[in-house]
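The values are calculated or read from the model by the stated rules, or taken from the named source; none is laboratory data. Keep in mind that this is a model prediction, so the values were computed, not measured. Here Cβ is always computed from backbone atoms with ideal geometry, including for glycine, and neighbour counts include all displayed protein chains.
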């Protein structure tokens, strides 16, 4: 029986599955076919929630006597964009000049392909690790993230599964393999600010109430002063206004309302709850300070709605996990990786509630881009790193 020891072959099989969120596209079936010859029991639960697409997920376990390591990731990918702009068809896994092209090549079918190849080599040469290994793979990471990892974790935990550590195979390296391990993530939350006014004629402002002045004042209070200066492990908290809109196509009409959407990435100075309280305090103070209409001082009439569920900040402090991965990266690449909490969120934000988690994968320069691609040499290097990590962590 031929085992899936070649990461490039594994990746090609996964790329050829058009698993654009929320479609499974055959990717989980291809992955199951790789894992079953390695002694994994594979289950594929489907989760549902009203208002969101049903999502098929995969949980595979190879049991042993010893600690339990989880590898987590996703086979779903973002849309290809303008397919005609691709040098090679986005689901062809074409190879040119030592690189494999395809949607998901680095984010993150490549990481999965390399981890499977590393496991296959360990099984082939040493019979596999003495402990247990599970793969927790979702089809919902690039989508709403409702019927994916969070529910898959709850499903597995309810069946008695417990993990000692986890590695997420997201593309963490900015420029070359060995640059960076993610040992935590900033928190994230989004809000929508609505300022209510009174529609009227632009030539008769005293009969109207322009909400644009109010929304500008409140947005300024969100942006200044800075929330903090950063901490030892995290960048400064940062709020970005992502949209300001009045829904008004007319140039001679004062609008009835104005909205401002924002996203904030926060460090361990805050919790989601304490930061929400700070934002409410800023808005309340700014609303009281400002507004004059028809010669009278009136507060700004506003509403604030929080969108989705906030992601809490977290930092992994598991020395065994971090040292095993750092040492494996250094042994293979000759470079000691930086330990970082930069970037956006990932499914590690859910996994950290169940066990210590770190992230390490391919170079992410082309993720989500036209002509997403990965160097074949990087696939082999990452496979060697994962193999060394498995040996060291279980050893």
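Figures for the structure shown
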item: Strands (runs of 3 or more DSSP E) fully within region 292-370 counting 2 or more residues that are touching a helix residue (DSSP H, G or I) at 6+ places or on another chain (Cβ under 7 Å), buried (at least 20 other Cβ atoms within 10 Å of the Cβ) and modelled with pLDDT under 95; result: 302-311
item: Single match in 145, 166 (criterion: over 19 Å from residue 32 (Cα atoms), assigned to a strand (DSSP E or B), within 24 Å of the chain's Cα centre (by Cα) and in contact (Cβ under 8 Å) with a residue 12 or more places away in the chain); result: 166
item: Subset of region 237-254 [surrounded by 14 or more Cβ atoms within 10 Å (Cβ to Cβ) and modelled with pLDDT under 95]; result: 248
item: Condition met for residue 161 (assigned by TED's automatic domain parsing to the domain that holds residue 111, under 19 Å from residue 119 (Cβ atoms) and assigned to a loop (DSSP other than H, G, I, E, B)); result: yes
item: Residue list for region 174-207, filter: in a loop (DSSP other than H, G, I, E, B) and crowded, with 20+ Cβ neighbours inside 10 Å; result: 177, 178, 183, 186, 197
item: One residue from 322, 254, 264, 244 being within 30 Å of residue 392 (Cα to Cα) and touching a strand residue (DSSP E or B) at 6+ places or on another chain (Cβ under 7 Å); result: 322
item: Pair list, Cβ under 9 Å, 6 or more apart: region 123-140 residue on the phi > 0 side of the Ramachandran plot, other residue assigned to a loop (DSSP other than H, G, I, E, B) and surrounded by 13 or more Cβ atoms within 10 Å (Cβ to Cβ); result: 128/39; 128/64
item: Which listed residue, of 144, 171, is in contact with a helix residue (DSSP H, G or I) (Cβ under 8 Å, 6 or more places away or on another chain) and either crowded, with 20+ Cβ neighbours inside 10 Å or within 27 Å of residue 263 (Cα to Cα) (or both); result: 171
item: Positions within region 120-137 being outside any loop (DSSP other than H, G, I, E, B) and out of contact with any strand residue (DSSP E or B) (no Cβ under 8 Å at 6 or more places or on another chain), in sequence order; result: 120, 121, 122, 123, 124, 125, 126
item: Residues within region 371-395 that are assigned to a loop (DSSP other than H, G, I, E, B) and under 17 Å from residue 321 (Cα atoms), tallied; result: 1
item: Residue 149 vs. criteria touching a helix residue (DSSP H, G or I) at 6+ places or on another chain (Cβ under 6 Å), at pLDDT 95 or above and within 30 Å of residue 20 (Cβ to Cβ); result: yes
item: Looking only at region 208-236, and only at residues there that are under 31 Å from the mean Cα position of the chain (by Cα), assigned to a loop (DSSP other than H, G, I, E, B) and in contact (Cβ under 8 Å) with a residue 40 or more places away in the chain, the one that is surrounded by the most Cβ atoms within 10 Å (Cβ to Cβ); result: 234
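Per-residue answers, yes or no, for (1) farther than 27 Å from residue 393 by Cβ; (2) out of contact with any helix residue (DSSP H, G or I) (no Cβ under 7 Å at 6 or more places or on another chain):
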site	(1), (2)
50	yes, yes
56	yes, no
63	no, yes
75	no, no
79	yes, yes
